[in-house]
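The values are calculated or read from the model by the stated rules, or taken from the named source; none is laboratory data. Note that the structure is a prediction, hence the values are computed from the model and not measured. Cβ coordinates were reconstructed from backbone atoms using ideal geometry, including for glycine residues, and neighbour counts include every protein chain displayed.
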Amino acid sequence: MSETKFTPGPWTPETQDETWWCKTNHGVRIVSEHHATRFIASVEGMGYVTTANAHLIAAAPALYSALEKVAPHFAVLRQYIGGEALDALERETRTALARARGEQP
C-alpha cells in the first residue's frame, strides 16, 4: 500500500457566524465556505447541506483509517462468509483506498 499524501487527521469541523471550516491539529484549515489563506476544499451551499458536506469531509481521514484497517482481513473473512457480496465489498474498499491516495484502482 502506498504512503498517504493528504493532510493527516483528525479534522475537526468548526463554525462561527454560519461559516464552516475544518481544522487540523496542525492549525491548517481544510474546508472553508469563504476564502482562507490555506484550505483544501471550498464548501458551497446553504444551511444543512453545507454543514453536512463539512462534516463528511472532516470524517475523511477517519473513514480512510477504518477502511485501511479492514482491508487486510478480507482473506480471513472469505473463509467464513465468502461470496459475491464480500468480493464486491473488498473491491469497493480497495478502490476507495486507492482513490484516496490518488491512484488508479
Inset, instruction - Taking only segment 74-85 into account, find how many residues are in contact with a helix residue (DSSP H, G or I) (Cβ under 8 Å, 6 or more places away or on another chain), modelled with pLDDT of 90 or more and farther than 21 Å from LEU63 by Cβ. - result: 0
Inset, instruction - Filter segment 70-105 down to the residues that are over 29 Å from TRP20 (Cβ atoms) and among the basic types (Lys, Arg), then identify the one that is surrounded by the most Cβ atoms within 10 Å (Cβ to Cβ). - result: ARG94
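Just to check your reading of the model, which residue among ALA41, ALA88 is at pLDDT 65 or above and more than 16 Å from the chain's Cα centre (by Cα)?
Numbers: ALA41 fails: more than 16 Å from the chain's Cα centre (by Cα).
Step by step, each of ALA41, ALA88 is checked, and only ALA88 is at pLDDT 65 or above and more than 16 Å from the chain's Cα centre (by Cα).
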Inset, instruction - Identify the single condition in (1) exposed (fewer than 11 other Cβ atoms within 10 Å of the Cβ); (2) under 18 Å from the mean Cα position of the chain (by Cα); (3) modelled with pLDDT of 80 or more; (4) not aromatic (Phe, Trp, Tyr) that LEU67 does not satisfy, given that it satisfies every other one. - result: (1)
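In segment 25-35, is there at least one residue being among the polar types (S, T, N, Q), part of a helix (DSSP H, G or I) and at pLDDT below 75? Show your work before the answer.
So the first thing to find is which residues in segment 25-35 are among the polar types (S, T, N, Q), and the list is 25, 32.
From what is left, the residues that are part of a helix (DSSP H, G or I) are none.
Among the residues of segment 25-35, not one is among the polar types (S, T, N, Q), part of a helix (DSSP H, G or I) and at pLDDT below 75, which makes the answer no.
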